[in-house]
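Quick notes on the structure that follows.
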Amino acid sequence: PPLKSMDALPNNLPVQTTPLIGREKELKSIKELFTKKDCRLVSLVGPGGMGKTRLSLQVAADLLDENRDGTWFIDLSAVTQPQGVALETAKVLSLLQEPEVDPVELVAKALEDRKILIILDNFEQVTEAYTVVVTWLRRSPGARFIITSREPLNIRGEHAFHVPPLSLPKPGTGAILSQFEATRLFIDRACAGKPDFQVNND
């Protein structure tokens, strides 16, 4: 169910139309990383289609109460230049951009005194923008970041979390299909499209 703080604390997290299936262990592990004092950057790494974005949004929703200055989702899917990361972030944070001000510096200054969580989604589009993240980490001790990417940034302070595939049953074991994340997801989506859909082990 939606968290009560979704309305009370500033954020732009998109409302999810379907439940997150599985990922209990991954959610716990990622949130435990953020309990460490030295952890301010977690990269969710894996190939496309692994559910990195959905996982990042759930982590952010679960940690919403810890970020008094907001939890913000930055979609980088249309960004092709490193400076675009800062421009898109500034836009989401509603920062007034001036032509003579470097957008990286504009965001860095805004983050200096904020307790905030920022998701940078689809970072593989602009991996050379890792220097932007380094700058923000150095300048903003209260800011934390979740990055989704196909490859880690390989920078100091990064905690790379490799997102595994959903669990699958082994053929011929006679296992109960609903015990496995991948089959639970399949059944859920199939029933959404065809309400009378039924599945058995055959």
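Here are the numbers for this structure:
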{"item": "Two-decimal log10 I(q)/I(0) for region 1-126, as the Debye equation yields it once each C-alpha is a single scatterer, q = 0.09, 0.10, 0.11, 0.22 Å⁻¹", "result": "-0.27, -0.34, -0.41, -1.53"}
{"item": "Shape call, region 54-134: gyration tensor on alpha carbons, a/c limit 1.5", "result": "oblate"}
{"item": "For the chain, accessible area per residue (1.4 Å probe, heavy atoms of protein chains only), Å²", "result": "56"}
{"item": "Using alpha-carbon coordinates, inclination of helix 24-33 to the longest axis of the chain, degrees", "result": "20"}
{"item": "Three-way shape label, region 58-202, alpha-carbon gyration tensor, a/c 1.5", "result": "prolate"}
{"item": "Two-site label geometry, L33 and V134: point separation in nm, points 7 Å out along Cα→Cβ", "result": "2.0"}
{"item": "Accessible area, probe 1.4 Å, largest first, for residues R139, R68, R23", "result": "R68, R139, R23"}
{"item": "With DNA, RNA and ligands ignored, accessible area of F197 (1.4 Å probe; Å², nearest 10)", "result": "60"}
{"item": "Selection from F73, C39, P19, by position along the positive dipole direction of region 10-74 (Cβ)", "result": "C39"}
{"item": "Cα-based shape type of region 48-89, given that a ≥ b ≥ c are square roots of the gyration tensor eigenvalues and the cut on a/c is 1.5", "result": "oblate"}
{"item": "Using alpha-carbon coordinates, inclination of helix 181-193 to the longest axis of the chain, degrees", "result": "80"}
{"item": "Helix-only mean residue ellipticity at 222 nm for the chain, each DSSP H run of n ≥ 4 adding -39500 (n - 2.57), per residue, nearest 500", "result": "-10000 deg cm²/dmol"}
{"item": "Where GluC sites (Glu not before Pro) in DSSP loops with at most 13 other Cβ within 10 Å are excluded, longest remaining stretch of the chain", "result": "1-99"}
{"item": "Cα-centred dipole magnitude for the chain, charges only on beta-carbon of K, R (+1) and D, E (-1), debye, nearest 20", "result": "560"}
{"item": "Separation of the V92 and K194 label points, Cα + 7 Å toward Cβ, nm", "result": "3.8"}
{"item": "Accessible carbon and sulfur surface of region 1-102 relative to its total accessible area, %, 1.4 Å", "result": "55"}
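The values are calculated or read from the model by the stated rules, or taken from the named source; none is laboratory data. Just so we're clear, the structure is a prediction, and the values are computed from it rather than from any experiment. Every residue, glycine as well, gets a Cβ built from its backbone with ideal geometry; the counts of neighbours run over all protein chains shown. Ligands, DNA and RNA are stripped out before the accessible areas are found, and what is left, the full protein with its side chains, is counted by its heavy atoms. Shrake-Rupley method; radii C 1.70, N 1.55, O 1.52, S 1.80 Å.
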